[in-house]
Amino acid sequence: MADPERDFGMVYDKQGYVQILHSTFFDVDPDTDHTIEGYVARILDTLVDAIEEQLGVLQWRIALDPQ
């Protein structure tokens, strides 16, 4: 099991993907996140990378006529 303190607050699942909801990296820290904009700026790149990593393995299909 990874150590969140050593891994900058990141928690990983068995496949090695970041568990966004369990990672303390994404928690608001009043000592460093003085504004909402600052918080979003701090987490945005990491959050986008984590989402793309997890959704990149899915195949998307657009259905015009739901069945």
Open item on the list: Taking the number of other C-beta atoms within 10 Å as the exposure measure, put V28, V18 in order starting with the fewest.
Closed with: V28, V18
Task: Per residue, the convex hull volume that the Cα atoms of region 1-56 enclose (Å³) - done: 77
Open item on the list: Between 0 and 90 degrees, rounded to the nearest ten: what's the tilt of helix 36-55 against the longest Cα principal axis of the chain?
Closed with: 40
Open item on the list: Per residue of region 16-23, what does 6.51 cos²θ - 1.76 cosθ + 1.60 with θ = phi - 60° give for ³J(HN,Hα)? Whole Hz please, x for Gly and Pro, Karplus curve as stated.
Closed with: x, 7, 5, 8, 4, 6, 9, 7
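Please give the calculated 222 nm ellipticity per residue for the chain, where each DSSP H segment of at least 4 residues contributes -39500 (n - 2.57) and the sum is spread over every residue; nearest 500 deg cm²/dmol? Don't jump to the answer; show the numbers that get you there.
Numbers: 1 runs with 20 residues, N = 67.
Helices in the chain give a 222 nm mean residue ellipticity of -10500 deg cm²/dmol.
Laboratory data are not the source of any read-out in this text; all were calculated from the coordinates shown. What you see is a predicted model; the values in this text were computed from it and never measured. Counting neighbours? That spans all protein chains shown, and the Cβs are built from the backbone with ideal geometry, glycine included.
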